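The values are calculated or read from the model by the stated rules, or taken from the named source; none is laboratory data. Because the structure is a prediction, the values reported are computed rather than measured. Cβ atoms come from the backbone with ideal geometry, glycine included; neighbour counts cover every protein chain shown.
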């Protein structure tokens, strides 16, 4: 069979997934199982990481075999991928998008830029640590991470979801003041992005 | 007794619908040289959405949209008998004929239009506008073909039409079948007529503002509706079925043909789709109607 290697790879990837036993009761277990096997991804393509996502989701690496597929809108998504450095302007949109998603929601951050600023560590208009502004469930480091690493990151995230440990959305709700303070420190009092005509009429740009 | 019958029909349509949807994703993946998701992936997706929390609110009409769509799909299913013989899986078919089914086919999209219209998402409104524009063009050849079949069989009863075919209508009146088939590809939401929910143009269109349980409801109704439409086509053109094996075989062959078209062709623009549907299949259906009535 020409697909044998492929099936073996999938078994290796999924072997880790099926080993979790830490669940409170059977309903929790079932809910988490369905959640981990079906992940709709909102790929927010910022920075260089955007180019690594098309091969992850299309024919070469085919994330759909693990139940991971793209979502069209934030309303339908479970996971948002922040794929690299975030300028202040982008951060507004990311926060807005994240807040539009319905619970439970998870964040996957790609690349060193989201961990500590990466090569943009002294830039005047990018944020350094994504975790200061919104919660992150899983980091995939590298500059940039290859699709294989992204898939491994997804598997690790699925494992955490299956065990019920991935709960950044609760963390965001509980520590909202902390996150809001950090957001306002770089974005000003009005964190939400402006739409339509008001950006040049009222806000002085941005 | 009829309640049990209806419930069983619903269960079968739900299970087979989701199985077909899973196969659709898997087979499309093979067309694209991918491994593809497992066949139960669509079912897992819909159950997961039932477990999600609702965070949006657009008033009650918005939430009635998926409910009306679901009732449209279920009512369509109930009026289509699964088998041409026997007493089981007949549903409400003795109380309604093909006219009722043709009417119920458009109930869902119209109800959804009311719901999505109150949602405020521009992509939803764009998707609905595209969908309803396409619906006008899509119905014309399909209705001509179905009405021709009804007048040729001398009956509007689905089971009678199905059981009276000595040679399948698809082979006896090939032009009518081709015209209805082109429309049917659009009804199944496949390329080249998948303009309402075009992923990179209007971001899943009518479904763009729905999340959680309502999206799960939309997925479930889509699975049930898909099976109902397949059974309708099998009855009208492929001689119906007398048992589950025959029904599943015929619907699956029809389904494979439809998704093969969907996997091969690109998407029309909305005006192109309307132009094509109004010119090509409508002409084929009218010629088929004339030929069938003359001979």
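Of the residues in the stretch A:92-110, at least one is away from chain B (no Cβ under 14 Å) and without any contact (Cβ under 8 Å) to a residue 40 or more places away in the chain. Quick check on this structure: which one of B:85, B:16 is away from chain A (no Cβ under 14 Å) and under 15 Å from the mean Cα position of the chain (by Cα)? Result: B:16 is the single residue among B:85, B:16 that is away from chain A (no Cβ under 14 Å) and under 15 Å from the mean Cα position of the chain (by Cα).
Residues that are over 30 Å from residue A:98 (Cβ atoms) and either within 14 Å of chain A (Cβ to nearest Cβ) or modelled with pLDDT under 85 (or both) within the stretch B:196-239 are absent altogether. Restricting attention to the stretch A:12-44, the residues being assigned to a helix (DSSP H, G or I), within 12 Å of another protein chain (Cβ to nearest Cβ) and at pLDDT 75 or above number 10. I'd like the full set of residues that are touching a helix residue (DSSP H, G or I) at 6+ places or on another chain (Cβ under 9 Å) and facing another protein chain (nearest Cβ under 7 Å), limited to the stretch B:19-44. Listed by number, the residues that qualify are B:29, B:32, B:34, B:35, B:36, B:37, B:41, B:44.
Take the conditions (1) more than 23 Å from residue A:31 (Cβ to Cβ); (2) at pLDDT 90 or above; (3) crowded, with 16+ Cβ neighbours inside 10 Å; residue B:39 misses just one of them, which is (1). Scanning the stretch A:104-124 for residues that are within 19 Å of residue B:211 (Cα to Cα) and either out of contact with any strand residue (DSSP E or B) (no Cβ under 6 Å at 6 or more places or on another chain) or surrounded by fewer than 17 Cβ atoms within 10 Å (Cβ to Cβ) (or both) yields A:104, A:105. Say whether the condition of being in a helix (DSSP H, G or I) and either modelled with pLDDT under 80 or under 19 Å from residue B:53 (Cβ atoms) (or both) is met by at least one residue in the stretch A:177-193. Taking every residue of the stretch A:177-193 in turn, none turns out to be in a helix (DSSP H, G or I) and either modelled with pLDDT under 80 or under 19 Å from residue B:53 (Cβ atoms) (or both). The set of residues in the stretch A:72-103 that are surrounded by 21 or more Cβ atoms within 10 Å (Cβ to Cβ), closer than 16 Å to residue B:52 by Cβ and more than 11 Å from the chain's Cα centre (by Cα) comprises A:73, A:75, A:76, A:101, A:102. Residue B:56 satisfies every condition listed in (1) without any contact (Cβ under 8 Å) to a residue 60 or more places away in the chain; (2) touching a helix residue (DSSP H, G or I) at 6+ places or on another chain (Cβ under 9 Å); (3) surrounded by fewer than 22 Cβ atoms within 10 Å (Cβ to Cβ) except (1).
Could you tell me which residue of the stretch A:45-71 is surrounded by the most Cβ atoms within 10 Å (Cβ to Cβ), considering only residues that are farther than 16 Å from residue A:151 by Cα and within 14 Å of chain B (Cβ to nearest Cβ)?
A:71
Just the residues that are part of a helix (DSSP H, G or I), closer than 30 Å to residue B:199 by Cα and out of contact with any helix residue (DSSP H, G or I) (no Cβ under 6 Å at 6 or more places or on another chain), please, taken from the stretch B:262-291. The answer is B:262, B:264, B:271, B:272, B:275, B:276, B:279, B:280. Going through B:13, B:29 one at a time, which residue ends up being touching a residue at least 24 places away in the same chain (Cβ under 8 Å) and surrounded by 15 or more Cβ atoms within 10 Å (Cβ to Cβ)? Only one candidate qualifies: B:13. Scan the stretch B:45-54 and give yes if some residue there is more than 13 Å from every other protein chain (Cβ to nearest Cβ) and under 25 Å from residue B:254 (Cβ atoms), otherwise no. No, because not a single residue in the stretch B:45-54 is more than 13 Å from every other protein chain (Cβ to nearest Cβ) and under 25 Å from residue B:254 (Cβ atoms).
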